[in-house]
1. Given contacts defined as C-alpha pairs under 8 Å and at least six residues apart, what's the relative contact order of region 116-222, whole-number percent?
2. Checking the a/c ratio against 1.5 first, then a/b against b/c, what shape does the Cα gyration tensor give for region 87-166?
3. Rounded to whole Å and sorted largest first, list the principal axis extents of the Cα atoms in region 4-159.
4. Nearest 5 percent is fine: what portion of the DSSP beta bridges confined to the chain is antiparallel?
5. Ranking request for peptides 45-56, 108-119: highest mean number of other beta-carbon atoms within 10 Å first, then the rest in descending order.
6. What shape does region 170-262 take by its C-alpha gyration tensor, where a ≥ b ≥ c are the square roots of the eigenvalues and a/c under 1.5 counts as rounded, a/b above b/c as prolate, and the rest as oblate?
7. Where Lys and Arg each count +1 and Asp and Glu each count -1, what net charge lies around Pro10 among other residues with Cβ under 13 Å from its Cβ?
8. In percent, how large is the relative contact order of region 163-257, given Cα pairs closer than 8 Å and 6 or more residues apart?
Amino acid sequence: MQALRIYAGPKALAHIRQHGLQPEHVGVIPGAAGGPKGLILGPLDRFLFGEWLPQSTQAVDLVGASIGAWRMATACLHQPVQALERLERDYIAQHYELPVGQKRPTAQQVTEEFARNLAAFYGGRIEEVLQHPRYRLHVVTSHGRGLLQREHPWRTPLGYAGAFMRNLIHRPAMGASLERVVFSNQPELPFDPRDYPTQLVALTPQNFMPAVQASCSIPFVLQAVHDISGAPAGAYWDGGITDYHLHLNYKGLVLYPHFQQAVVPGWLDKSLKWRHKSTAFLDNTIVLAPNPEWVQTLPNGKLPDRSDFMTYANDLPGRVQAWTGAAKASQQLADEFAQWLRDPQVDRVRPL
């Protein structure tokens with residue numbers, strides 16, 4: 001069974017027909033939010049950043065939200081293959097001991113542990129990320145406004161209820177509750193930000209850690225990060241809320257390792273199926289995604305996801321075994337993509 005499916009927007013497909021796909025063609029690589037689902041992209045990441053892209057010299061914009069931000073920042077480290085392998089190991093090994101009778105860890109417990117993990121992972125290496133000679137990092141966060149300006153026991157749930165209603169009516173209207181704030185080490189973004197209220201903030205050694213933590217701070221699972229240096233005051237949450245799968249109006253050819261075909265705009269759009277379709281924003285995008293039938297062969301018949309923390313609870317060895325099995329099986333995705341690059345058969349490429 002083939003594990004990999006390749007999808008392309010119309011302009012990207014025309015490019016493949018005329019030129020194939022070479023590393024020097026790629027201008028942007030996005031990294032979606034999605035928690036443990038991102039584990040299946042580890043082998044693809046290691047192939048792209050360790051073998052394929054080093055064959056070219058052009059600048060590449062890396063845009064990430066949540067675990068995607070962690071993946072893209074890690075790709076900027078020296079020896080990216082080893083760094084990405086460590087990311088996979090550390091992510092799989094994370095564990096939050098639950099007291100008797102408690103079904104899930106508290107937001108404070110997860111926040112404190114995650115902050116320690118980030119400090120251990122990037123400590124002393126932030127300049128490697130920010131000064132990479134080719135890769136330009138853009139970390140997406142969601143900045144609270146109105147009731148969400150500060151995290152609060154009752155204003156925050158009400159604020160997210162309001163955000164849901166605004167988003168249901170019109171996605172840009174959600175900007176009254178949550179704006180997109182992108183922390184970038186570049187003066188310009190690799191996409192047109194006019195689709196949604198957006199601010200660009202310089203990514204610096206002082207705000208790197210809180211920006212990455214904020215981008216991964218799922219509401220009610222982790223605590224918000226407040227008052228990030230150099231950025232507007234207030235609470236910052238997971239970048240996936242505003243930009244779940246980074247369905248953005250990109251500039252240049254986009255190569256997108258993803259865990260599904262659909263590029264869903266925001267986290268609150270997950271149940272809004274009419275927003276899961278491709279748009280003109282993705283005309284220049286090539287999506288690499290797993291075959292849904294192949295996914296059923298993974299442990300538990302699915303991609304790893306956050307529900308596994310509750311399913312396995314304190315059974316750390318059981319979850320580690322399942323997630324490690326999925327990550328190892330995903331080597332097939334990278335192998336098939338490498339094979340396709342050697343012989344880029346257009347008939348394998350499906351419309352996005």
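1. Values: 125 pairs, mean separation 32.4, N = 107.
Contact order relative to length: 30 percent.
2. The shape class here is oblate.
3. 58, 34, 32 Å, listed from the longest principal axis down.
4. Values: 19 of 43 bridges.
Antiparallel: roughly 45 percent of the beta bridges in the chain.
5. Values: 45-56: 18.3, 108-119: 15.4.
In descending order of packing, they fall as 45-56, 108-119.
6. Working: a/c = 1.45, a/b = 1.27, b/c = 1.14.
Taking the square roots of the gyration eigenvalues as a ≥ b ≥ c, region 170-262 is rounded.
7. On the way: positive: Lys11, Arg17, Arg350; negative: Asp283.
Charge balance in the 13 Å sphere: +2.
8. Working: 115 pairs, mean separation 23.7, N = 95.
In percent, rounded to a whole number, it is 25.
None of the figures in this text is laboratory data; all of them are computed from the coordinates on show. Keep in mind that this is a model prediction, so the values were computed, not measured. Here Cβ is always computed from backbone atoms with ideal geometry, including for glycine, and neighbour counts include all displayed protein chains.
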